[in-house]
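Quick notes on the structure that follows.
The values are calculated or read from the model by the stated rules, or taken from the named source; none is laboratory data. Since this is a predicted model, take the numbers as computed values, not measurements. So basically every Cβ, Gly included, is an ideal-geometry build from the backbone, and we count neighbours across all protein chains shown.
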Amino acid sequence: MNATAIYQKRRAAVARALKSAGGGVAVLPTAPELPRNRDTDFPYRHDSYFYYLTGFTEPGAWLAIESSGKSTLFCRPKDLEREIWDGIRLGPKAAPDALGVDAAFSVDALDNTMAQLLTNQSAVWFPFAAHKGLETQVDGWLNKVRAKVRMGAECPQSQHDLCRVLDEMRLVKDRHEIGILRRAGKISAGAHVRAMQTSAVMLRSGGPGGLREYHLEAELLHEFRRHGSQAPAYTSIVAAGANACVLHYRAGDAELKPGQLCLIDAGCELDGYASDITRTFPADGQFTAAQRRLYDIVLAAQYAAVKATRPGQRFTDPHDAATRVLIEGMLDTGLLSKAKHGSVDDVLASGAYRQFYMHRTGHWMGMDVHDCGDYTEPGTKAREEKDAQGQTLTRRPSRILRPGMVLTIEPGLYVRPAKNVPKDYWNIGIRIEDDALITASGCELMTRDVPVDADEIEALMRA
């Protein structure tokens with residue numbers, strides 16, 4: 001199936017969803033251009049929903065889909081002078097053939113044409129709380145329709161969140177998407193390998209100026225772009241030593257030193273799809289005894305989570321499996337006192353483990369690194385349950401995993417200096433993360449081209 005047919009198929013699925021809900025028109029803008037500072041914009045990145053339905057990456061565009069199946073694109077008109085400065089525009093005339101839409105107009109005609117499209121429609125669908133000012137713009141179109149009511153026109157009587165439809169579609173990836181995600185994972189894995197080897201070589205050579213976090217970030221970016229990635233999927237985390245205990249640390253100018261660990265959380269974006277990998281490795285290529293002990297605990301937790309990542313399991317099952325292994329490790333190493341905190345079940349009930357593990361074991365991934373999709377099972381009733389503090393929560397059961405879903409698996413341990421915590425483990429932060437595709441029989445880890453076993457990491461860095 002060619003790219004145009006893929007997007008046509010998705011738009012047709014939206015039209016069917018609208019029709020089954022009573023009809024209407026779906027309206028969706030792409031992302032705006034954003035100024036960075038004087039006379040400079042941030043690098044442009046399209047809206048994920050818009051790209052999912054069009055494959056179109058130019059700014060200033062809109063899409064309308066009617067429940068009849070007709071799709072209409074609004075885009076910037078051809079403009080020779082602006083194209084000299086900013087690049088070639090597709091233009092409305094070429095859009096139907098290039099993108100497979102039924103009609104295309106200049107974005108200058110958006111307001112009048114959209115009012116016409118909404119006339120005599122039962123509902124309007126658009127993404128709620130996703131684009132600032134969109135609600136006001138929709139109200140303006142509806143007011144134009146209402147002005148024609150005396151002449152027999154009917155105005156849409158209801159408004160619906162288009163994200164409800166698109167989130168469910170995007171949660172299960174098709175073959176086209178899975179192919180891109182695999183390639184993105186392979187590129188990102190190669191970048192992590194490059195960073196590991198660079199770290200070992202630089203620290204062994206003892207070159208002037210030392211090795212700093214931004215040096216490894218540069219290696220990541222080089223590898224991303226060298227293989228065709230358009231950009232990082234998110235701001236790369238390169239954290240030396242104690243910096244790894246800051247979950248959203250950004251690569252800075254801290255120097256990596258022998259005996260330290262380095263945590264890198266980085267992934268590229270390829271053709272609109274993300275990857276997300278974390279590896280923690282010894283900066284000089286050799287784990288200390290304390291580092292290795294905690295690392296093996298986190299790795300065992302990831303293996304337990306991977307085993308629980310399969311069709312029919314709940315989204316929370318990998319987290320629960322990983323957390324039990326991490327808690328057992330906390331008790332065995334003395335991070336948590338058995339005399340004070342009791343058994344694994346006792347620690348789960350008290351929530352004491354959150355001192356060293358305070359985040360979830362995964363999230364959806366796809367076009368966005370934290371991708372859209374409900375984490376609870378649709379169509380189920382909310383139920384009461386207790387959280388770790390004993391408070392009563394009312395929520396629906398966790399999502400059932402199904403083939404085609406993609407999520408990360410990323411357990412970790414973060415040990416800050418604290419009373420009653422063994423000093424050998426102070427300032428050690430470890431996270432191991434891979435991207436998992438749910439298959440018919442289990443899951444496929446799409447990012448294992450970079451080693452995860454401690455012995456394999458050391459061997460790679462020696463090489």
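Within the stretch 1-59, how many residues are within 26 Å of residue 369 (Cβ to Cβ) and of a type in the set (D, E, K, R)?
Selection size over the stretch 1-59: 9.
Which residues, taken from the stretch 309-361, are within 30 Å of residue 435 (Cβ to Cβ), buried (at least 21 other Cβ atoms within 10 Å of the Cβ) and aliphatic (A, V, I, L, M)?
Within the stretch 309-361, 321, 322, 326, 327, 330, 335, 347 meet the criteria.
Across the stretch 56-85, what is the total count of residues that are touching a residue at least 24 places away in the same chain (Cβ under 8 Å), touching a Lys or Arg at 6+ places or on another chain (Cβ under 9 Å) and either over 30 Å from residue 17 (Cβ atoms) or outside any loop (DSSP other than H, G, I, E, B) (or both)?
Number of matching residues: 6.
Tell me which residues, restricted to the stretch 181-216, are touching a Gly at 6+ places or on another chain (Cβ under 6 Å) and charged (D, E, K, R).
213, the sole residue that qualifies.
Which residues, taken from the stretch 23-77, are touching a strand residue (DSSP E or B) at 6+ places or on another chain (Cβ under 8 Å), among the acidic types (Asp, Glu) and loosely packed, with under 15 Cβ neighbours inside 10 Å?
33, 41
Scanning the stretch 215-229 for residues that are more than 18 Å from the chain's Cα centre (by Cα) and in a loop (DSSP other than H, G, I, E, B), which turns out farthest from residue 190 (Cα to Cα)?
228
Starting from residues that are in a helix (DSSP H, G or I) and within 21 Å of the chain's Cα centre (by Cα), keep the ones in the stretch 295-319 and report whichever is farthest from residue 349 (Cα to Cα).
Checking each candidate, the answer is 306.
Would you confirm whether or not the stretch 445-459 contains a residue that is in a strand (DSSP E or B) and either farther than 22 Å from residue 240 by Cβ or assigned by TED's automatic domain parsing to the domain that holds residue 327 (or both)?
So the first thing to find is which residues in the stretch 445-459 are in a strand (DSSP E or B), and the list is 445.
Next cut, either farther than 22 Å from residue 240 by Cβ or assigned by TED's automatic domain parsing to the domain that holds residue 327 (or both) only: 445.
Looking through the stretch 445-459, at least one residue is in a strand (DSSP E or B) and either farther than 22 Å from residue 240 by Cβ or assigned by TED's automatic domain parsing to the domain that holds residue 327 (or both).
Does residue 221 fit the bill of being in contact with a Ser or Thr (Cβ under 8 Å, 6 or more places away or on another chain), surrounded by fewer than 21 Cβ atoms within 10 Å (Cβ to Cβ) and more than 22 Å from residue 22 (Cα to Cα)?
yes
Select from the stretch 320-335 the residues that are part of a loop (DSSP other than H, G, I, E, B) and in contact with a Phe, Trp or Tyr (Cβ under 7 Å, 6 or more places away or on another chain) and list them in ascending order. Don't jump to the end; show me each part of the working.
Our first condition is that a residue be part of a loop (DSSP other than H, G, I, E, B); within the stretch 320-335, this holds for 334-335.
Across the stretch 320-335, the qualifying residue is only 335.
Scan the stretch 309-332 for residues that are under 16 Å from residue 444 (Cα atoms) and touching a Lys or Arg at 6+ places or on another chain (Cβ under 9 Å) and report the count.
4
Out of the stretch 393-436, which residues are part of a strand (DSSP E or B), of a type in the set (A, V, I, L, M, F, W, C) and closer than 29 Å to residue 451 by Cα? Break it down stepwise before answering.
Kept after step one, since they are part of a strand (DSSP E or B), are these residues of the stretch 393-436: 393-395, 398, 400, 406-409, 412-415, 428-431, 433-436.
Right, trim to of a type in the set (A, V, I, L, M, F, W, C) and you get 393, 400, 406-407, 409, 413, 415, 428, 430, 436.
Residues satisfying the conditions are 406, 407, 409, 413, 415, 428, 430, 436.
Please state which of the following conditions residue 136 fails to meet, knowing it meets all the rest: (1) touching a His at 6+ places or on another chain (Cβ under 9 Å); (2) part of a helix (DSSP H, G or I).
(1)
Looking at the stretch 150-167, which of its residues are farther than 29 Å from residue 130 by Cα and surrounded by 11 or more Cβ atoms within 10 Å (Cβ to Cβ)?
Within the stretch 150-167, just 153 meets the criteria.
For the structure I just gave you, tell me whether residue 361 is assigned by TED's automatic domain parsing to the domain that holds residue 305, at pLDDT 95 or above, part of a loop (DSSP other than H, G, I, E, B) and within 30 Å of residue 127 (Cβ to Cβ).
Working: assigned by TED's automatic domain parsing to the domain that holds residue 305: yes; at pLDDT 95 or above: yes; part of a loop (DSSP other than H, G, I, E, B): yes; within 30 Å of residue 127 (Cβ to Cβ): yes.
Taking the combined requirement at face value, the residue satisfies it.
Right, residue 409: closer than 18 Å to residue 192 by Cα, surrounded by 14 or more Cβ atoms within 10 Å (Cβ to Cβ), in the same structural domain as residue 300 (by TED's automatic domain parsing) and in contact with a Pro (Cβ under 8 Å, 6 or more places away or on another chain) or not?
Details: closer than 18 Å to residue 192 by Cα: yes; surrounded by 14 or more Cβ atoms within 10 Å (Cβ to Cβ): yes; in the same structural domain as residue 300 (by TED's automatic domain parsing): yes; in contact with a Pro (Cβ under 8 Å, 6 or more places away or on another chain): yes.
So residue 409 passes the test.
Checking residue 361 against (1) on the phi > 0 side of the Ramachandran plot; (2) under 30 Å from the mean Cα position of the chain (by Cα), which single condition isn't satisfied?
With respect to (1) on the phi > 0 side of the Ramachandran plot; (2) under 30 Å from the mean Cα position of the chain (by Cα), residue 361 is out only on (1).
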